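Single-structure report; data block below.
The values are calculated or read from the model by the stated rules, or taken from the named source; none is laboratory data. This one's a predicted model, so the numbers in the text were calculated from it and none came from an experiment. Note: ideal-geometry Cβ built from the backbone for every residue, glycine included; neighbour counts use all protein chains shown.
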Amino acid sequence: MTYLYAAYAATWLIHIAYLGWMAMRYRRLQREIPQLRKDR
Amino acid sequence: MKRLFPIFGVLTLILLSFALYEALIGAPTEQTMGEVQRIFYYHVPSAWTAFLLFLINFGASVVYLIRRNPKADAVAAVTAEVGVIFCSVVLVTGPIWARPVWGIWWTWDMRLTLTLVLWLIYVSYLMLRRFSTSSQTPLIAAVLSVFGALDVPLVYFSIWYFRTQHPSPVIGRGGSLDPRMWHVLLINWAAFLCFAFLVCWSRYRLERLQREVEETQALEALLEQRGVR
């Protein structure tokens, strides 16, 4: 049972880590956009 | 399309929860391997989803090579990245399943090695896109993708043509899976497909936004260099 739960947990850890990384990139871009508009 | 996103997100979450329930409780216990066989309901749909994403990446790359369409290039970049994530799940859940069943985490047999090679090809594809500064990067990446996609059928059919430790295919060539297990497998695959679609959708929007920011920054730098501003 330990292996089963480890596999399921690992699957969602990978997906959640990727979603977190995407959210981080999105927030960084959102911060850059007003700066670019100001520079214009 | 933007308004549909939360609705589709909630539906996917419900489907994923139902698929998880079916995989852990609804599906019958396999007689030889016992409970650990339930890893199958995450391992196989993840592999099929990764293959599908790599095939879409191949199609988008061919379209880019023919038409030089930036949207096709963006689709190729997105599907390769999400495909690598699903392929990573396959490479992680496989050894966790192999350890209690085969007694080893890993063996260099044809199916496993080719899957690792597939993962490495697409990781190098993403590295190329990330670190190359050449204006030809999308073109080189598209060519690499066309060659990389050749590994997908090799991985899939390796268990048909080579003697391997990996179990036989569940589709074709006399694959015999209990109908209730088939049912749970298909529910999980449908759930993973919906989830992959949502992730690709979000990633595509992010890619477009990132390209817009990069283009604006490049334009700003060019104007500054020419002393226009």
Give the residue that is surrounded by the fewest Cβ atoms within 10 Å (Cβ to Cβ), with candidates limited to residues of the stretch B:178-224 that are modelled with pLDDT of 90 or more and among the small types (Gly, Ala, Ser). B:Ala190
Which ones in the stretch B:6-47 are free of Cβ contacts under 8 Å to residues at least 40 places away in the same chain and loosely packed, with under 14 Cβ neighbours inside 10 Å? B:Pro6, B:Ile7, B:Val10, B:Ile14, B:Ser17, B:Tyr21, B:Ile25, B:Thr29, B:Gln31, B:Thr32, B:Gly34
Please name all residue pairs, on different chains or six or more residues apart, with Cβ atoms under 8 Å, provided the first residue is in the stretch B:130-146 and is at pLDDT 90 or above and the second residue is assigned to a helix (DSSP H, G or I) and surrounded by fewer than 14 Cβ atoms within 10 Å (Cβ to Cβ). B:Pro138/B:Pro70; B:Leu144/B:Ser124
Conditions (1) buried (at least 16 other Cβ atoms within 10 Å of the Cβ); (2) at pLDDT below 95; (3) under 30 Å from B:Val146 (Cα atoms): number failed by B:Thr79: (2)
How many residues are surrounded by 19 or more Cβ atoms within 10 Å (Cβ to Cβ) and at the interface with chain A (Cβ under 10 Å from one of its Cβ atoms) when one looks only at the stretch B:93-121? 5
Of the residues that make up the stretch B:181-203, is at least one part of a helix (DSSP H, G or I) and farther than 25 Å from A:Tyr8 by Cα? no
Residues of the stretch B:97-117 that turn out to be in a helix (DSSP H, G or I) and in contact with a Leu (Cβ under 8 Å, 6 or more places away or on another chain), as a count: 3
Among all residue pairs at least 6 apart or on different chains, which show Cβ distances below 8 Å where the first residue, located in the stretch B:204-215, is more than 9 Å from chain A (Cβ to nearest Cβ) and the second is crowded, with 17+ Cβ neighbours inside 10 Å and assigned to a helix (DSSP H, G or I)? B:Tyr204/B:Ala74; B:Tyr204/B:Val75; B:Tyr204/B:Val78; B:Glu207/B:Ala74; B:Glu207/B:Ala77; B:Glu207/B:Val78; B:Arg208/B:Ala74; B:Arg211/B:Ala74
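Residues checked against (1) at pLDDT below 95; (2) of a type in the set (Val, Ile, Thr):
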| site | (1), (2) |
| --- | --- |
| A:Thr2 | yes, yes |
| A:Tyr8 | no, no |
| A:Trp12 | no, no |
| A:Ile16 | no, yes |
| A:Leu19 | no, no |
| A:Arg25 | yes, no |
Of all residues being more than 17 Å from the chain's Cα centre (by Cα) and facing chain B (nearest Cβ under 9 Å) in the stretch A:15-36, which is surrounded by the most Cβ atoms within 10 Å (Cβ to Cβ)? Just the residue, please. A:Glu32
Determine whether the stretch B:62-76 contains at least one residue that is part of a loop (DSSP other than H, G, I, E, B), within 14 Å of another protein chain (Cβ to nearest Cβ) and either surrounded by fewer than 23 Cβ atoms within 10 Å (Cβ to Cβ) or touching a strand residue (DSSP E or B) at 6+ places or on another chain (Cβ under 6 Å) (or both). no
Just give me the residues in the stretch B:2-26 being aromatic (Phe, Trp, Tyr) and more than 14 Å from chain A (Cβ to nearest Cβ), in sequence order. B:Phe8, B:Phe18
